[in-house]
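Below is one structure, written out as structure tokens, with a few remarks after it.
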Protein chains: 2
Amino acid sequence: MQDGTFFSPGHPEETTPRGNVFARDCPTRKLLDRIGDTWSVLILRLLGDGPQRFSVLKRAVDGISQKMLSQTLRSLERDGLVTRHAEPTVPVSVTYTLTPLGRELLDALGFLIDWAETRMATVGANQRRYDARRLEEI
Amino acid sequence: MQDGTFFSPGHPEETTPRGNVFARDCPTRKLLDRIGDTWSVLILRLLGDGPQRFSVLKRAVDGISQKMLSQTLRSLERDGLVTRHAEPTVPVSVTYTLTPLGRELLDALGFLIDWAETRMATVGANQRRYDARRLEEI
């Protein structure tokens, strides 16, 4: 990842078939926007433990609204990261499952979640130091 | 990452000193929001190649405004992910450098960028299939 082979600003065509996240019109950037979305990250993480019902996801992701959960799941389904299965019961029971592509993304996201969870205290200390320095300057 | 040790919804205190991204009030979630931001990702990736001047970053990140670049860099600096060095020339020349903590985050992000750039075509095909199916249903 550090070799810079895909960094070719202004010349995304040189790196085809790889995307170029630096180019405004490259769909990779939109994809990155979507997968960097915190709700998506949390839902993928939960589905990593196995198929889940909508109601279980709703409870587990603290603070998400019904509408936002529906939208996020639909977007993940559209990208082919999760599948939706509706059981014809009354009321209908809907289950979401991670696809192999979604599992792959979750593995990549895992490093990021891990970093955020273990480095949180360090980042917090950095912020307090920064804010104190800014106050001194005023 | 797949062992679920940090998934403890509603009981973030049980996982201390690790954060819990599922808890609404855990700073880890805010941190994840920020590092998942596409502008941050792109800037960290650019700084991975070495220190860069503001003007170079501005050109390389296609579509970013001056204001958004300033804000994003300030936020990265506050988190301790980049350092800012101002050379007292006229006009002042400002250079940004990745810190070791920022390098660590970039390594974690690398898997995600890599996934997005190599799986973009698959995701695009999935979206077209999904949209075609939705049209059939109408």
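Take residue B:90, move 7 Å from Cα toward the beta carbon, and the resulting point lies 8.4 nm from the same point in each other copy, nearest first.
Note on region A:106-136 and region A:85-102: Cα centroid distance 36 Å, given to the nearest whole angstrom. Averaged over its residues, region B:70-138 has an accessible area of 54 Å² per residue, based on protein heavy atoms and a 1.4 Å probe.
Projected over all directions and averaged, the alpha-carbon convex hull of region B:11-138 occupies 11.9 nm². Between this copy and the others, label points of residue A:74 are 3.7 nm apart in ascending order, each placed 7 angstrom from Cα in the Cβ direction.
Counting every C-alpha pair in region B:55-120, the share spaced more than 16 angstrom apart comes to 60%.
Expressed as a whole percent, how much of the Cα-Cα distance distribution for region B:88-138 exceeds 13 Å?
74 percent
Label point of residue B:50 (7 Å along Cα→beta-carbon): distances to the other copies' equivalent points are 5.2 nm, sorted ascending. With respect to the axis relating copies A and B by rotation, the chain A residue whose beta carbon is closest, plus that distance in Å, is A:36, 2.
The values are calculated or read from the model by the stated rules, or taken from the named source; none is laboratory data. Keep in mind that what you see is a predicted model, and the values were worked out from it rather than measured. Here the Cβ is made from the backbone with ideal geometry for all residues, glycine too, and neighbour counts use every protein chain on show. Calculation scope for accessible area: heavy atoms of the full protein, side chains included, ligands and nucleic acids excluded. Shrake-Rupley method; radii C 1.70, N 1.55, O 1.52, S 1.80 Å.
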